[in-house]
């Protein structure tokens, strides 16, 4: 069932995660694609909104996990005019070149999730049931032409923490942030995810987002919620210990998110 968040955003609930349709002057933006098979829900949502596949100009992937990228190939086939974009760090995972590993578990819920199965075995089980088809992303999320092509008054923010290449779409008109798994809805609040590569970086990214003055935050899991309901735990506020400086590394797997968080909060 569709949820009209505001004049710009519509939530399309999925089996595990939300996808969002954003109204822009020159067409629609789809944020995330859900698990494999979610394209059917998205097509139905478009029909309910009185729009067609040709209306979708941009598909924005917030991060690498299967419940957000699962239908990307089918969506690209259904929306041939749409540009698919993600952060460069996420591109090899979407293309199937690299296999995403489970981020570190935090809190009781996170530890339970990790004990049930590792992310790789969970993905393998899903792939035996539902066939994920990798694809190459068209453009990086920091390409300025992406939003210019849709006419949207907004910005794409790099908000690492859950993964290194997590991004957020911020809409200036309605002060709405579509955040992927940077935050999750829980009992009417917005809290950090149970699985994070860096809690400190997650906290830093959330605070950078809040500095923009969002009114509504749309998470990948849970319902859109007022930004005033953000509640971060102490683990996201821990100071980062200074580490000896090393030679700059360019590989994504070598990026130190805790060091990045320290640099951004100085």
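Please treat every number below as a calculation from the coordinates, not as lab data. This structure is a prediction, so every number in the text was calculated from the model and none was measured. Because the Cβ atoms are built from the backbone with ideal geometry, glycine has one as well, and the counts that use them run over all protein chains shown.
Points to keep in mind about this one:
- Computed FRET value (nearest 0.05) for residue 172 with residue 131, which takes r as the C-beta separation and R₀ as 45 Å: 0.70
- Each label was represented as a point 7 Å from its Cα along the Cα-to-Cβ direction; for residue 155 and residue 223 these points are 3.0 nm apart.
- Packing rank of 82-88, 156-162, 27-33, where each peptide gets the mean count of other beta carbons within 10 Å, highest leading: 27-33, 156-162, 82-88
- Each Cα pair under 8 Å and six or more residues apart adds its sequence gap; the mean of these over the residue count of the stretch 1-108 is a relative contact order of 21 percent.
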